[in-house]
Amino acid sequence: MKKIIPAYVRVPLIFAIVMGALEYFIDSGDKPAFIKYPMVALFLGVFLFLLIAIEIVVDAVDKVTYSLLSEEQKKQLAEAQSVSFADSKLMKLLTRSKDIEHEADVMLDHDYDGIKELDNVLPPWWVGLFYACIVFAVVYLVRFHVIGDYNQEEEFIAEMEQKDKEVQEYLKTAPDLMTKDKVTLLTDAASLAEGANIFKTNCVACHRPDAGGAIGPNLTDKYWILGGGIKNVFNTITEGGRSGKGMVAWKETLKPTEIQKVASYVLSLQGSNPKDPKPSEGEEWVEEGAAPAVSAAPVDSTATATVVVDSLKTE
Ligand code: HEC
């Protein structure tokens with residue numbers, strides 16, 4: 001059998017096709033499948049090993065068979081293998097060129113200093129392509145210039161709408177893309193319990209287990225330095241407090257959904273009146289739409305002082 005593709009092309013090619021197919025069919029997110037799933041890497045390794053092993057075995061068998069052939073058979077084999085692609089039936093079909101023996105039939109009588117010209121027919125592959133182009137051009141002309149099916153602008157708009165829809169679909173099932181604008185206050189017990197756990201692990205050192213405040217401010221009162229309400233609290237925890245204050249951006253450590261839970265937990269502590277709370281800091285937060293509170297000033301006078309000092313520091 002004549003081998004058209006040599007082994008050093010065949011093996012990488014088959015391997016690449018199989019690997020590509022795996023990447024295509026296995027949904028592995030933004031990481032390649034063979035990194036995300038070690039089993040895939042193992043499979044690919046074994047597969048490559050087998051491919052090479054098969055090549056070696058087949059080659060060895062070929063060699064043994066060849067050495068068993070008689071001189072006559074060896075000659076025949078060499079002849080069969082010397083048939084090149086240019087002489088093949090397929091090539092004939094595509095070009096309809098004349099054999100060298102019959103070239104005289106299509107020879108023109110032009111003679112340029114011994115250089116002669118053949119009048120071969122146009123290769124069928126070329127003619128076919130040419131007619132296909134004409135058909136395409138007619139269909140295109142009628143569809144877009146006569147009927148006016150759609151223009152580029154409409155195509156662009158439709159594609160953008162489609163993508164927008166896909167993005168919306170994606171966001172629905174990707175809760176970890178929680179953002180400041182999307183975040184909502186969670187009130188279910190399970191989420192709050194998880195929030196409490198996150199708080200216990202990460203936040204009590206500065207805010208105290210009862211959130212009454214130590215290094216960080218009291219989180220149980222109505223006064224907020226950086227704004228109250230789920231959106232602001234979520235944002236503060238995500239992005240951190242004012243620089244140099246000690247409240248880091250927790251987005252490096254916590255997932256957005258975890259931040260949502262701990263923010264909801266923090267807000268569930270509103271009005272819990274822990275013992276010896278840190279004096280209120282910041283301004284009283286009034287939920288949008290709610291009636292403004294009557295007394296806007298913090299009760300504790302030291303708190304007012306802190307606010308002044310704090311706002312001086314930021315300047
Ligand atoms: C290293 C100490 C420290 C840790 C740990 C810490 N905080 Fe803070 N936190 C602070 C400080 C200090 C501030 C005040 C920031 C400012 O003034 O800008 C603050 C402010 C806040 C605020 C805003 C309060 C307001 O009045 O606007 C919230 C909400 C908050 N922290 C929640 C958390 C949560 C939730 C965690 C745990 C994930 C946490 N903090 C962990 C020190 C800390």
So how much slack lies between Leu68 and Asp99, counting 0.36 nm per residue of separation and subtracting their Cα-Cα distance, in nm? 7.5 nm
Gyration tensor (alpha-carbon) shape descriptor, the range 50-142, a/c threshold 1.5: oblate
Quick query: amide H of Met107 versus all other amide H atoms, modeled in the peptide plane; which residues come in under 5 Å with a sequence gap of 5 or more or a different chain? Asp119
Please enumerate, by chain and number, the lysines with C-alpha under 25 Å from the C-alpha of Lys180, excluding those fewer than 8 residues away in the same chain. Lys163, Lys165, Lys172, Lys200, Lys222, Lys231, Lys245, Lys251, Lys255, Lys261
Positive-end residue of Phe156, Tyr223, Val121, charge dipole of the chain with Cβ unit charges: Tyr223
Given charges at beta-carbon only (K, R positive; D, E negative), |dipole| of the range 7-82 in Debye: 140 debye
Total charge dipole magnitude, the chain, about the Cα centre, Cβ charges on Lys, Arg, Asp, Glu only, Debye to nearest 20: 1440 debye
Out of Gly228, Gly212, Gly114, a Gaussian network model of the chain with alpha-carbon springs under 10 Å gives the largest mean-square fluctuation to Gly114
Gyration tensor verdict on the range 189-284 (Cα atoms; rounded if a/c is under 1.5, prolate if a/b is larger than b/c, oblate otherwise): rounded
The range 203-252 -> Rg/Rh from Cα coords, Kirkwood Rh, value 0.93
Around Glu287, what is the net charge, scoring Lys/Arg as +1 and Asp/Glu as -1 over all other residues with Cβ under 13 Å from its Cβ? 0
Between exposed trypsin sites (Lys or Arg not before Pro) in the chain, where DSSP calls loop and at most 11 other Cβ atoms lie within 10 Å, what's the longest gap? 4-274
Of all chymotrypsin sites (Phe, Trp or Tyr not before Pro) in the range 107-196, which ones are in loop regions per DSSP and have a Cβ with at most 16 other Cβ atoms within 10 Å? Tyr150
For the chain, divide the Cα radius of gyration by the Kirkwood radius and give the resulting Rg/Rh value with two decimals. 1.32
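Classify the range 1-116: rounded, prolate or oblate, from the alpha-carbon gyration tensor (a ≥ b ≥ c, eigenvalue square roots; a/c under 1.5 rounded; otherwise prolate if a/b is larger than b/c)?
Taking the square roots of the gyration eigenvalues as a ≥ b ≥ c, the range 1-116 is oblate.
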Listed residues Glu283, Glu239, Glu72; largest mean-square fluctuation, Gaussian network over the chain with Cα springs below 10 Å, found at Glu72
Label model pair Asp111, Glu159: point-to-point distance (7 angstrom along the Cα→beta-carbon line) in nm is 6.0 nm
Express in nm, to one decimal, how much length is gained between Lys75 and Leu171 on full extension, taking 0.36 nm for each residue of separation and deducting their alpha carbon distance. 27.7 nm
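None of the figures in this text is laboratory data; all of them are computed from the coordinates on show. Values in this document were obtained by computation on a predicted structure and should not be read as measured data. FYI the Cβ positions are ideal-geometry reconstructions off the backbone, even for glycines, and counts take in every protein chain you see.
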